[in-house]
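Read-outs: derived from the displayed coordinates by stated rules, not from any lab. Model, not experiment: these values are computed from the prediction. Here the Cβ positions follow ideal geometry from the backbone for every residue, glycine too, while neighbour counts run over all protein chains shown.
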Amino acid sequence: MKVEKAIWGTEIPVREFAMSINGRRIASEHTDFAINPATEQPIAPFPLASRQHLDLAVESANAAFEVWRETGIAERRSALEKLADLIEQNYEAFLTLLTTEQGKPRAGAEWEIGGSIHWLREIGKQSLPDEVVRDDGENRVVTRYTPIGVIGGITPWNFPLLLAVWKIAPALMAGNTMVLKPSPYTPLCTLWFGELAQSVLPPGVLNVVSGGNELGQWMTEHPGIGKIAFTGSTATGKRVMQSAASNLKRLTLELGGNDPAIVLPDVDPEAIAQDLFWASFQNSSQFCVATKRLYVHEEIYDHVVAALVDYAKTVQVDNGLLVESQLGPLQNRMQYEKVSDLLQDSVAQGHRILLGGAPSDSVGYFIPITLIDNPPDDSRCVAEEAFGPVLPILKFKDVDEAIRRANSTEYGLAASVWSKDIEKAQAVARRLESGTVWINQIHVFGPDIAFGGHKQSGMGIENSLHGLSEYCNMQTIMERALPN
């Protein structure tokens, strides 16, 4: 097959990528290049915001807030539906651009772009009506949800558009305005979406500014921003929290995870091998809720390992734009070097590598699918969040031991349990210190499903009415009728 026949997708939109501030395209005298992680070649330049750009974005968002907060639910819902339509109308172009800047193959890009459309439409159907707490004819108590003001959204590079929408949709639906910063590794889809959105939203309601780490720091310190919604690493989340203290900003932090999966001895290894594989390796394991520690009962350990190795050998790792590719590269050189170092440590420690291992010298940030046989619990590949296609498979004797080891981490984002006995699986799930626990499935999300982390995996909730309320203040109004 010739390479040109193996390429899917449309041409990347030929355009100069710009920031969107107060309804206008804004350039910058300083730029950087987005890099294709499969080829290590530049895709397009993007602007780097100055402090003045940020000040202008916050000023315009605050001005727009005075009007947007008074818009009705129907108008906000219509706006979100139109934003979804904009993505849908440019569906193939968004797929191609996402794969080019992020690396994921078409199936993963469809999951993200389709999810962005779905979230906008479904969050647009949500609302938080006033709650009448007491009404006895003389006294009436009502609790209502009011918008916070300007939301600062800071998004990561693993799901750049979808996780932006997870913030944009509830923020705007609750009556807030937003200043959004995409990752400097994957700014292009978000910048383009921000530009398209200006045809739907009043000027200043959604501002998209791009830049490096210093821009994120400026946002978290900015006195004109009332809340930060951040997705990223735990280490960065701690710095966000410290900076946000300057004016007691509200926070939603979706941070790291070292997610365990526990496989009980009654499962059929061959039947679940494919599910277990994708639980770990979806999006090349660049997924906060990927299975990063796989605990398997000793009775079936060898069978599960064999089934996983056999299935993993069938999975194609290549440039995401190639039709047969199932997993793409890591997104950036920083992450590639981090995972490479983790692999080198496992080799140096004498861990048995079942599959994969050291990356090749080929072009692109490709790490081979790597399975490690029962390394010690204090190994780096077990204790650290790899955020790359490296999976330690760990043997356990009894359920209490597995739960103890699974909970032995500073993280608590998500987990999964696999068993034919649902009651037994539920009993295990209830003892796991994780915000989400899946049973015999994984990576199921929904606009109506609350998602958030325990321990150092974050604070606050995304999605569901709980997530919508995170973008609101609560106000209680108490009234008493005066005598005639």
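Based on other C-beta atoms within 10 Å, arrange 288, 381 from fewest to most. Can you show the working numbers first?
On the way: 288 26, 381 22.
Listed from fewest to most nearby Cβ atoms, that is 381, 288.
Packing order of peptides 369-379, 317-327, highest average first: 317-327, 369-379 (average count of other Cβ atoms within 10 Å over each peptide's residues).
Residue 179 sits among other residues whose Cβ lies under 14 Å from its own Cβ, and their net charge, with Lys and Arg +1 and Asp and Glu -1, is +2.
In straight-distance terms, cross-link reach from residue 420 covers every one of the aspartates and glutamates whose alpha-carbon lies under 13 Å from its own, apart from those fewer than eight places away in the same chain; here that gives 266, 268. Based on Cα atoms of the stretch 259-446, Rg over Rh with Rh as the Kirkwood radius reads 0.95. For a paramagnetic label modelled on residue 408 (point 7 Å from Cα along Cα→Cβ), amide N atoms under 16 Å away belong, within the stretch 281-300, to 293-298.
Could you list the square roots of 5 times each eigenvalue of the Cα gyration tensor of the chain, that is, the equivalent ellipsoid semi-axes, sorted largest first and rounded to whole Å? The partial results should precede the final answer.
Values: eigenvalues 301, 174, 74 Å².
Whole-Å semi-axes of the equivalent ellipsoid: 39, 29, 19.
The charge dipole of the stretch 301-405, taken about its Cα centre with unit charges on the Cβ atoms of Lys, Arg (+1), Asp and Glu (-1) only, comes to about 20 debye. Centroid-to-centroid, using Cα positions, the stretch 323-356 and the stretch 372-445 are 21 Å apart.
Scaled to the globular estimate 2.2 N^0.38 Å, the Cα spread of the stretch 387-484, given as radius of gyration, is 1.57. The residue among 243, 454, 91 whose Cα reaches farthest toward the positive pole of the charge dipole of the chain, with charges on the beta-carbon of Lys, Arg, Asp and Glu, is 243.
Computed extension gain for residue 89 through residue 420, at 0.36 nm per residue and net of the alpha carbon distance, reaches 114.9 nm. Based on the Kirkwood radius over alpha-carbon pairs, what value in µm²/s does the Stokes-Einstein equation return for the translational diffusion coefficient of the stretch 290-330 at 4 °C and 1.567 mPa s? The diffusion coefficient I find is 106 µm²/s.
Counting only Cα atoms, the size of the stretch 172-331 along its three principal axes is 58, 37, 29 Å, in decreasing order.
Between the amide H of residue 36 and those of 41, 43, distances stay under 5 Å, these residues lying 5 or more places away or on another chain, with hydrogens modeled in the peptide plane. Summing charges over all other residues whose Cβ lies under 12 Å from the Cβ of residue 144, with Lys and Arg as +1 and Asp and Glu as -1, gives -2. Taking only the alpha carbons of the stretch 145-252, we obtain Rg and Dmax values of 12.8, 37 Å in that order.
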